[in-house]
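Since the structure comes first, as structure tokens, the remarks are kept for the end.
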DNA sequence: GTCGTATGCGCG
DNA sequence: AAAGCGCGCATACGAC
């Protein structure tokens, strides 16, 4: 074995260094010509003593003679990550900012900071030496090393970006310190490995910064020739637009459109100017018409690529620009590669791109962006387009490696236009009814607020929205920060000089007041407890029980009378507050809608919003509107709303995916599946006087099971949901075990998932792997959580995701059908996971309903057998009061 | 002021 | 120590 490379620092000011005399841990490397350099902050105890006692999962121990930086626990996990990134440990040069161990390993201590200064000369010498040896990539791990290299900003911002380090003559790519991962940042581990992989790629192909040939002040001629050139070359055009921010849903104007044909060349076509000329038009009216024609010409013939096409395509479609050949969406592409990681462009570029972090420019609100210097914003916009080209090839490579091309091309990309149209459609919102609802709720809110305060003697400073206040009222628990506030107040009180009328002092007084003036409902407890509806319910039940038992006391004492009063006070609070919380939620979240000029709400839908494949919704979230509020969503005069609901979609999917004969049989025969389950679970029949309750418990248990619930949890929830069924936990557990013993297919499937995702299975089937599951249509999810978390999530994801894909595909199909039949004038308004809402003229309702049914009940092959999922339909003029619409 | 985190709750 | 999945939004609160 060749002798390891070592380096002795020369130019250190050791004489003046507070750490002088400590063991110097010298840099090291297993090969003479390293290209990758890991830079840590300082040696730890293990490095100093030369011990090698790390214990990271399946890591083999280093040989005893291993010395140098990163040989403790950090070294173990680092070695593993390097391995995953395709870097051999012994080829890496390992160094630290300082050579000696700071006291208590505290890099922030004065001594250590002084040592960094004293070691600076040696550190720089070492960089020069590395330069001479031909090293090309520095990897500073953590903030200390980053700072030593002279790169501004924190590691969380700069990680993954490539920075040129002139004096070294190469680049650096910062990433997290292994100790950060060791402290439990599991979510960051995948990112960490990606950063190291990027370092490896950079060391192989010499990195050069992108050229950035941007035209940010184009003339009409520039636009024309860019478009003609792109069309002639059949370019894939990366596109990104900026808007001036949705102050109101009706005023969101396009300020510029950036277009790029490769990783360096872009044109930015402004429409509204920025900076001191904010909102002035860039073109004359006539020129703007010509420019728009050119852009449309481009969209008519060139393939396009976006980051989050849903946004840009919608914005442009609203303004008459139609993207016809949508080819790629890097956001959806990344979602298909790894659904659990972030998908914002900054993040994607940090993994796949070569442009350093540039997102800081646009800090602040979108509406304010236009006031910034227009050149800066245009360059920013241009970067947003060229980076798409930089990232695409490697992303497509990863997509292929991961094996989710189908998910990306056949499921995600196909949803873009249907969802753009769905957002354009929106849903009519009756603003008068919203106002009425708001008034009613406000009245009740104020009445309850007053009643609560007077009956429980609560001061105005008591805030029902404050969890701290509630914890104090309910449990007598004071927040830890209260002591600090007392101390601050005492200090001011004691000082004669300090005013007691300042805003700060008055704030302190009112912050403390609730804890002084309020008498807790329970005696003091130190433990924090929940104040949610479930907690209140269990307190209520306990209190009611206690009251009842006091009725049977043979000799009630005076203390019992006192207790009775206290319990009654508690029960009264729960009664009033429970309703108050409901009203407060409604008022806060469900009475404010962004209604556009057309009287409709155009909420957003996201394709990449979930890790399972479902859609998510926002602004407003039309997928979680309370049933009772849905009266405000109405059809236009002469129209109706049709809602198609899949019946038991997830349970059917579970039956087919898991291959559970009992459930499949029930579904195929058209028997009510929960009835079958209930009979099986309780070994009873419909004439059981407790049938109704047992039925509800069974439903709760089955749903809970899909979500990976434990026996304890299932029991607790079921009992809370269905009061009055006296079943002990042992009895419940026994029935549960019997039930799943009968559900052999499901149990076996669930066991395979549990063992598969945690890596306990030797030869797993292809639909499950270590930290991975695949749904019925090939959609994959990679899990980043703890083993417990991933087991539960993995039990649900293939089912939820398969169901989601089925509903999404129905929307895609329905959208296509409706495009072919414009005469039906039907609009898809909302998709709520297993339910599709469509609006159309009354006279077309039957035809549209049939079309919906056809699209929703498409056939799918699951586990080799063709299956279809039945839907039920309702019709009405508002989203709440809808009548069943059975088959003619 | 802005940001991240905690708590709670609406829907499927 | 406790453990039910997937979301988005409102409010409070402490840290920067």
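Taking every DSSP beta bridge that has both residues in chain A, what percent is antiparallel when rounded to the nearest 5?
75
For segment A:402-463, what does the alpha-carbon gyration tensor say about shape, rounded, prolate or oblate, given a ≥ b ≥ c as the root eigenvalues, a/c under 1.5 as rounded, and a/b over b/c as prolate?
oblate
For A:645, A:665, what's the fewest-to-most ordering of other Cβ within 10 Å of each Cβ?
A:665, A:645
If you rank A:859, A:693, A:585 by fewest surrounding Cβ atoms within 10 Å, what's the result?
A:859, A:585, A:693
Under a point spin-label approximation (7 Å from Cα along Cα-to-Cβ), what is the residue A:865-residue A:15 distance to one decimal in nm?
8.7
Between rounded, prolate and oblate, where does segment A:93-192 land on the alpha carbon gyration tensor, with a ≥ b ≥ c its root eigenvalues, rounded for a/c under 1.5, else prolate if a/b exceeds b/c?
It comes out oblate by the Cα gyration axes.
I'd like the distance separating the alpha-carbon centroids of segment A:476-498 and segment A:802-841, in whole Å.
60
Distances over 20 Å make up what percent of all Cα-Cα pairs in segment A:176-296?
Result: 60 percent of Cα pairs exceed 20 Å.
Return the whole-Å distance between the Cα centroid of segment A:280-355 and the Cα centroid of segment A:592-652.
The distance from the Cα centre of segment A:280-355 to that of segment A:592-652 comes to 25 Å.
In whole Å, how far is the Cα centre of segment A:91-160 from that of segment A:390-454?
What the calculation gives is 45 Å, centre to centre.
Please rank A:660, A:516, fewest neighbouring Cβ atoms within 10 Å first, as an exposure proxy.
A:516, A:660
Run through every distinct alpha carbon pair of chain A and return the Kirkwood hydrodynamic radius in angstroms, one decimal place.
Here the Kirkwood hydrodynamic radius works out to 32.4 Å.
First check a/c for segment A:151-228, with a ≥ b ≥ c the square roots of the eigenvalues of its C-alpha gyration tensor; if it is under 1.5, answer rounded, and if not, answer prolate when a/b is larger than b/c or oblate otherwise.
Because a/c hits 1.5 or more and a/b exceeds b/c, segment A:151-228 counts as prolate.
If packing is taken as the mean number of other Cβ atoms within 10 Å per residue, what is the order of A:819-827, A:626-634, A:36-44, A:479-487, highest first?
A:36-44, A:626-634, A:819-827, A:479-487
Values in this text are rule-based calculations from the coordinates and carry no lab data. Fair warning: this is a prediction, and the values are worked out from it, not measured in the lab. Methodologically, a virtual Cβ is constructed for each residue, glycine included, from the backbone with ideal geometry; neighbour enumeration extends over all protein chains shown.
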